[in-house]
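Please treat every number below as a calculation from the coordinates, not as lab data. Since this is a predicted model, take the numbers as computed values, not measurements. Quick reminder, even Gly has a Cβ in these numbers, built from the backbone with ideal geometry, and neighbours come from all protein chains shown.
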């Protein structure tokens, strides 16, 4: 027995259960005669339009340059895309963590320079601490950017600085406090 045609059963009339246009069969493409590709001209025009938008300061472009992040300069006045927000917050957390771990590494290296294995141990300890900090920064930066994106808010570059450096400051406070010993 073959199934009833689509829409014959009352449950299939629900708009939620109808097949999406993505599942419908695709129409066959017609073969083109040999010659210049008509889409190539459109691609060149799209590239030049994107370049003009970037020159005009259009805020729809995603800016992921490290120099732009560190100088707090953006095409627009706000970060709107999830990847852009995550990248800006993560880079500030990364560089502030690099600064803190670099200072701690130099201090350890100087204090343990006469110890036979102290220099190697200081490099290992700082490397593991930095990798753990960067892993945590990736996750929390994604969480902050996701919350901003879901809320429909845009993020100012200065907010990305506060969130990124704030992650490092909170890590320092928790590391030097006795909170972890009580757990």
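What to note about this one:
- Candidate set from the stretch 145-166 (those that are touching a residue at least 24 places away in the same chain (Cβ under 8 Å) and more than 15 Å from residue 69 (Cβ to Cβ)); member that is nearest to the chain's Cα centre (by Cα): 146
- Residues in the stretch 147-156 that are part of a helix (DSSP H, G or I) and either touching a helix residue (DSSP H, G or I) at 6+ places or on another chain (Cβ under 7 Å) or buried (at least 17 other Cβ atoms within 10 Å of the Cβ) (or both): 148, 149.
- Residues in the stretch 97-113 that are surrounded by 13 or more Cβ atoms within 10 Å (Cβ to Cβ) and assigned to a loop (DSSP other than H, G, I, E, B): 112 alone.
- Inside the stretch 157-168, residues that are farther than 18 Å from residue 82 by Cβ, out of contact with any helix residue (DSSP H, G or I) (no Cβ under 7 Å at 6 or more places or on another chain) and surrounded by 13 or more Cβ atoms within 10 Å (Cβ to Cβ) make up a count of 2.
- Qualifying residue in the stretch 114-131 (condition: within 23 Å of residue 159 (Cβ to Cβ) and assigned to a helix (DSSP H, G or I)): no
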